[in-house]
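We did not get these values from a lab; they are worked out from the coordinates using the rules stated. This one's a predicted model, so the numbers in the text were calculated from it and none came from an experiment. Virtual Cβ from ideal backbone geometry, glycine too; neighbours counted across all protein chains shown.
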Amino acid sequence: MLLDHIAVSGETLEEAAAAVEAALGVPMLQGGQHDVFITHNKLLGLADGLYLEAIAADPSRPAPERPRWFDLDSFSGRARPTNWICASEDLDALLAALPIEVGDPVSLTRGDLRWRKAVPADGKLPFDNLFPSLIEWNCEVHPATVLPPSGCALRRLIVSHPEASALAAMLAPHFRDARVVFEPGAPALSVEIDTPHGLRTLA
């Protein structure tokens, strides 16, 4: 498992993107629409092959036949970081090795992008949606490689949860990244990012 990107959800895409831009002082770029889950996004490239994704339900199209990923059907309130996404080169093997159900693989496309994503049937990930969402890219192009440099880099991703130690222990055999910190507390994500304007926090 490698950290791939971080999702900032909003009741609308405009609210999600505005929250990122206000916090970091840099503009997001247009992403696109997602079939199956009927969402749309905007993107911001980070250093080291990472990126931020502002995401929301897409009101321009009919509702999906299944619950949306990231539990977006239940999202309300201010735009905020809600999910962190980790990539695997063998999603099936990783899912088989995990001691918890995190969803079944769904094949997806957007333009030249091809990927498989483990998505729970109800759209809700374990640990109050703070278990990482798992992805396997099936294309030569990764979104971060085509995004222009933003001057932003992830310093820390803080995953807060009452059972943070249990979550960290469950991930330990598969994931190690000094930038990702697990802390006890109310369920939440906090993202510290070095920007051209100094250290900023998304929370």
What do you reckon, is A144 within 26 Å of R200 (Cβ to Cβ), out of contact with any Asp or Glu (no Cβ under 9 Å at 6 or more places or on another chain) and surrounded by 14 or more Cβ atoms within 10 Å (Cβ to Cβ)? no
Restricting to segment 48-76, count the residues that are over 14 Å from the mean Cα position of the chain (by Cα) and charged (D, E, K, R). 6
Being part of a loop (DSSP other than H, G, I, E, B), aromatic (F, W, Y) and closer than 25 Å to Q33 by Cα: is that true of F131 here? yes
Counted residues, segment 17-67 - those being in contact with a strand residue (DSSP E or B) (Cβ under 6 Å, 6 or more places away or on another chain), in a loop (DSSP other than H, G, I, E, B) and without any contact (Cβ under 8 Å) to a residue 60 or more places away in the chain: 2
Being under 11 Å from A79 (Cβ atoms), over 14 Å from the mean Cα position of the chain (by Cα) and buried (at least 23 other Cβ atoms within 10 Å of the Cβ) is the requirement here; does L24 meet it? no
Kindly check whether there is at least one residue in segment 94-110 that is in contact with a Cys (Cβ under 8 Å, 6 or more places away or on another chain), surrounded by 16 or more Cβ atoms within 10 Å (Cβ to Cβ) and not aliphatic (A, V, I, L, M). no
Would you mind telling me which numbered condition in (1) free of Cβ contacts under 8 Å to residues at least 40 places away in the same chain; (2) in a loop (DSSP other than H, G, I, E, B); (3) loosely packed, with under 13 Cβ neighbours inside 10 Å; (4) not polar (S, T, N, Q) P149 fails? (1)
